[in-house]
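Please treat every number below as a calculation from the coordinates, not as lab data. What you see is a predicted model, and the numbers here were worked out from it, not measured in a lab. A quick note on method: Cβ atoms are made from the backbone with ideal geometry, for glycine too, and the neighbour counts reach across all protein chains shown.
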Amino acid sequence: MEYRSLGHTGVQVSRLCFGTMSFGGDADEPTSHALYQRCREAGINFFDTADVYNAGRSEAILGKLIAAERDDLVIASKAHFPTGKAPTARGSSRYHLVRAVEASLRRLGTDRIDILYLHHYDAHTALDDTLKSLELLIEQGKVLYPAASNFAAWQAMRALGIAERHGWAKLAVLQPMYNLAKRQAEVEILPMAEAMGLGVCSYSPLAGGLLSGKYDAADAQGRLTTNAMYKTRYGAPTYHELAARFSALARELGFHPATLAVAWVASHPAITAPILGARNPAQLEPALGALDVPMTPELRARLSQLAPAPPPATDRTEERR
């Protein structure tokens, strides 16, 4: 396993991160334990969860698994989305964030969350107040590094500017969606992260399974056919046409599609660690081989040609390099 510094923090994290969204849901406790053990065998020291994953069960299971080696690991969690029916049980207000972090700490059985992502931008709460809330949590030792998931580049830059103005801890990590089918992060988020020295732990490298080869068969069943969110995100015929071309090329090159999809994401210079997900060890195995792919610039370019690159932020496509 390779390790690299997480943005400007100096913390060394594995080049692959494991996301535990399946823990307590698609993966029961024994399966979650097997997934965790396989990740540790592979050298992964970086695990990602969220307070809303399976109503907190993901954090609770992960907490049990990490107990014996907590200080050898980097644990990221998130807060923002509803954790209850009350109108106060959501958002990035201080009222909710403080309670959400304390609840996550109890479930994880730890004294701190190494990386806390704001799970989404909150248009209803003053960003200054949200960042001040994070600063208070950092001062209390409950959070080590603030981070942002699903933020646009302008939102992240605004957060960086506010933190710098007040002398607060700045965002250290971003978590955007990024895969061969969804390349919008290349326009501003990834260049901005490189320029500002931020870590980037992108999610959904397999595009919800679209690029895993699973959906090559016309009658394939899974999240893309049963989950409304994924059907909306990847339901357009163009995505499935891309997936078919990608699977064909992967097999021509002698790789499992999942291996090559993760390797393509990891090869972007701004990406610190793609976040892997799996329901069982067999599903995880191909993704773990991603770092063994000799991803040359020529191979990355060949794969990239399968999907149109988004236009640059200025739309001056003639200046694209």
*Being outside any helix (DSSP H, G or I) and surrounded by 16 or more Cβ atoms within 10 Å (Cβ to Cβ) is the filter here, so list the residues in segment 286-303 that pass it.*
V293, M295
_Pairs, first touching a residue at least 40 places away in the same chain (Cβ under 8 Å) and more than 15 Å from S58 (Cα to Cα) in segment 75-87, second in a strand (DSSP E or B) and not acidic (D, E), C-beta under 7 Å, six or more apart_ = H80/L118
_Subset of segment 255-285 that is within 20 Å of Y36 (Cα to Cα) and of a type in the set (A, V, I, L, M, F, W, C) - its residue that is surrounded by the fewest Cβ atoms within 10 Å (Cβ to Cβ)_ = A282
*asked:* For segment 220-285, give me every one of the helices (runs of 4 or more DSSP H) that falls completely inside it and has 2 or more residues that are under 17 Å from the mean Cα position of the chain (by Cα) and within 23 Å of S22 (Cβ to Cβ).
replied: 228-234, 257-266
_Pairs please, first residue from segment 1-20 and over 18 Å from L144 (Cβ atoms), second anywhere and in a strand (DSSP E or B) and of a type in the set (D, E), Cβ atoms under 9 Å, 6+ apart in sequence or on different chains._
F18/D48; G19/D48; T20/D48
_Test: residue in segment 39-58 that is within 28 Å of S93 (Cβ to Cβ) and over 19 Å from the mean Cα position of the chain (by Cα)_ = no
_Against the conditions (1) among the hydrophobic types (A, V, I, L, M, F, W, C); (2) without any contact (Cβ under 8 Å) to a residue 60 or more places away in the chain; (3) part of a loop (DSSP other than H, G, I, E, B), where does L306 fall short? Just the number, please._
(2)
*How about segment 48-100: which of its residues are buried (at least 18 other Cβ atoms within 10 Å of the Cβ), hydrophobic (A, V, I, L, M, F, W, C), out of contact with any helix residue (DSSP H, G or I) (no Cβ under 6 Å at 6 or more places or on another chain) and outside any loop (DSSP other than H, G, I, E, B)?*
L62, I66, V74, I75, A76, A100
